[in-house]
1. Would you pick out the residues in segment 56-80 that are closer than 21 Å to H127 by Cβ and among the polar types (S, T, N, Q)?
2. Taking into account only those residues within segment 1-51 that are part of a loop (DSSP other than H, G, I, E, B) and small (G, A, S), which is nearest to the chain's Cα centre (by Cα)?
3. Any chance you could count how many residues in segment 282-314 are surrounded by fewer than 17 Cβ atoms within 10 Å (Cβ to Cβ) and in a strand (DSSP E or B)?
4. In the set T53, T89, T142, which member is over 21 Å from D301 (Cβ atoms) and modelled with pLDDT under 95?
5. Tell me the residue from K231, K258, K241 that is open to solvent by 40 Å² or more (accessible area, probe 1.4 Å) and either under 29 Å from E321 (Cα atoms) or in contact with a Phe, Trp or Tyr (Cβ under 8 Å, 6 or more places away or on another chain) (or both), please.
6. Among the numbered criteria (1) surrounded by 14 or more Cβ atoms within 10 Å (Cβ to Cβ); (2) at pLDDT below 95, which one does S174 miss?
7. Out of segment 317-331, which residues are of a type in the set (A, V, I, L, M) and in contact with a Lys or Arg (Cβ under 7 Å, 6 or more places away or on another chain)?
8. Please indicate, with yes or no, whether at least one residue in segment 247-265 is assigned by the TED database to the domain that holds L181 and in contact with a Pro (Cβ under 6 Å, 6 or more places away or on another chain).
Amino acid sequence: MLASHIATQNVKYQVTEVLKKMNIEYKIINRENLDSSNFVWADLILPIGGDGTFLLASNMIFDNKKPIIGINSNPERSEGFLMLPPKYTSNIPEIFEMLKAGNYNIKMRRRIRTTIKGDNIWDSPFHTHEKGRVVGGEKFYTQNLEKDIPNNLPKERRLPWLALNEVFIAESLSARTSSLLIKIDKEDKYHLVKSSGLCVSTGTGSTSWYRSINSISPLTVQEILKLFNEKEQFSNYTIEKICSTFNNSLHFGAEELKLCYAIRDMIVTDIWPTPKYIHPRGFCNKLTIRSQCFDASIVIDGGIAVPFNFGTTAVLEVYPEDSLQALILPD
């Protein structure tokens, strides 16, 4: 942890030195002063760290006009899928030279819009980091999520935070079964689903948690092939090839205007026949979810969480105007 902190501080110092030489005004933002006004002020958002830092910054961008580009401060320990390639970490000036010369591409990463309807939809959100906070310790970040709540509260609320990776809906206690009524696209009826939670992902997020939920292991492939043909001995190469081909097929483009959903550990028994008519994963343009839970949350990108309890409805959609304008430099 200390090594990562030192690496981040070193990159931050290099960035600020370059900005000073270029006479560019900047502000240094962290979790303690993460206010939306700073993001409105800026012409470019430049998260320094890993993918978690990038996601945190993206949650504070509310339209498709504000560009963002991330620097991986510790590529030896962090893959940084959303960040610039590792070679730029050791050559910070080149980043700004290429930006100034216009030598970059733009990728419009799609994000998920969440609208909730019902009673008690204005309960205060929290950040998942708060669940690990020492009792009595000072809050961070969420103090800025709780302001500007109107006096006359409507029964419908569009959440301001757009999910770049995924929206996860489940009971807060992971050991508890999550009961959700789900409609896909323009279906007329809800499907009652009992599971460990619902993960709805973008193309960006299809390489992250969605992939982890649905990936198959060599052991699973080996056991299936053995059931299919007990006599034949399949090589490790064949098994690995099947695994990698399937797992890679789970990914789809970050700019595609569609969602993919995955129902974790869906319960399908004779007692609960309805889930048999809904696939445990699939693509859609819109999901409508009605909570049958008692201590559940809608979690955006593993960070911001909004209470989502019995009777509340959530609508998840994807629109071009909600995209994130990510700047891409050559590999």
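1. Matches in segment 56-80: S58, N59, S78.
2. G50
3. 3
4. One residue alone meets the criteria, T89.
5. None of the other options fit; the residue is K258.
6. All conditions are met except number (1).
7. V318, L324, A326, I328
8. Yes; the residues of segment 247-265 include at least one that is assigned by the TED database to the domain that holds L181 and in contact with a Pro (Cβ under 6 Å, 6 or more places away or on another chain).
The values are calculated or read from the model by the stated rules, or taken from the named source; none is laboratory data. The shown structure was predicted, so the numbers you read here are calculated from the model rather than taken from an experiment. No Cβ is skipped: glycine too gets one built from the backbone with ideal geometry, and neighbour counts run over all protein chains shown. Keep in mind that these areas ignore ligands, DNA and RNA; they rest on the heavy atoms of the full protein, side chains included. Shrake-Rupley method; radii C 1.70, N 1.55, O 1.52, S 1.80 Å.
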